[in-house]
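Here's the structure, in structure tokens; my notes come after.
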Amino acid sequence: MNKILFSSVSMKFVMALAGLFLLLFLPVHLAINLMLLKNDPEPFNSAAGFMSSFPVIKVIEVILFAALLIHLFYGIYLQIRNWIARPARYTTGTRTKVSFFSKFMIWTGLSVLTFLILHFFNFFFIKLGLVPGNPDDFYSHAHALFKIPAYNYIYLACFVLLGLHLFHAFSSAFQTLGLNHRIWTPVVKVFARVWSIGIPAGFALISLTLWLFR
């Protein structure tokens, strides 16, 4: 049983499913965050309150965190296994061709994890009462954060790296799940490009607007 659960194929398959679930969450999060651009704080605070109190959303939140942990654990575990196996593989003279994005997936993923930890401290932990702040007025809290230049530098850098991560992850997930197709694979690659640029660009727009023009 352990051989099945911890085989490279099984872990990549589960990691791909978890990653696709996380990809579906991003546009929802972006749509809510775009409400920060409104002058009225009520829409954003109401949406944030709904997301933190509606029972179905709470269940999805648990699934989301589980998917995130699975994706991170399997990704890091597989990368460490690859690093350990690399010397033996290279001595045979059969070095495999690896794309630029594939080589740096672990680093772009860890940079996104760093941002998520920062994000949890600034928002999620306030909701749980673990750090000081007003969970009923995340609008004012977010606007205050985006007035800090260093926060914007980190925010923008992380979303550039997220775009690189998404570009490879989207196509890789479909390939891992065995969904390659002569017609649909090129469509997926185009969609991956649009997704990996559009989602980070939307978050970057929020950062730059609140930092420079509000």
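The values are calculated or read from the model by the stated rules, or taken from the named source; none is laboratory data. The model shown is predicted, which means the values in this text are computed figures rather than measured ones. Glycine also receives a Cβ, built like all others from the backbone with ideal geometry; neighbour counts cover every protein chain displayed.
Given the criterion within 22 Å of the chain's Cα centre (by Cα), at negative phi and at pLDDT 75 or above, identify the matching residue among Met11, Met51. Please lay out each step first, then the result.
Working: Met11 fails: at pLDDT 75 or above.
None of the others qualify; the one that does is Met51.
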| message | Go through region 168-186 and report how many residues are modelled with pLDDT under 80 and part of a helix (DSSP H, G or I). | response | 11
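Would a scan of region 191-204 turn up a residue that is basic (Lys, Arg) and either loosely packed, with under 14 Cβ neighbours inside 10 Å or touching a Leu at 6+ places or on another chain (Cβ under 7 Å) (or both)?
Quick first cut of region 191-204, residues basic (Lys, Arg) only: 193.
With either loosely packed, with under 14 Cβ neighbours inside 10 Å or touching a Leu at 6+ places or on another chain (Cβ under 7 Å) (or both) added as a condition, the list becomes none.
No, region 191-204 contains no residue that is basic (Lys, Arg) and either loosely packed, with under 14 Cβ neighbours inside 10 Å or touching a Leu at 6+ places or on another chain (Cβ under 7 Å) (or both).
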| Within region 114-151, tally of residues that are of a type in the set (A, V, I, L, M) and crowded, with 16+ Cβ neighbours inside 10 Å | 3
| Considering residues of region 121-154 that are outside any loop (DSSP other than H, G, I, E, B) and touching a His at 6+ places or on another chain (Cβ under 9 Å) only, the residue farthest from Leu24 (Cα to Cα) | Ile126
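Take region 187-214 and flag every residue that is polar (S, T, N, Q) and at pLDDT below 95.
Pass one, region 187-214, residues polar (S, T, N, Q): 196, 207, 209.
Passing the criteria: only Ser196.
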| message | Looking for something within 21 Å of Arg214 (Cβ to Cβ) and in contact (Cβ under 8 Å) with a residue 24 or more places away in the chain - is there at least one such residue anywhere in region 159-169? | response | yes
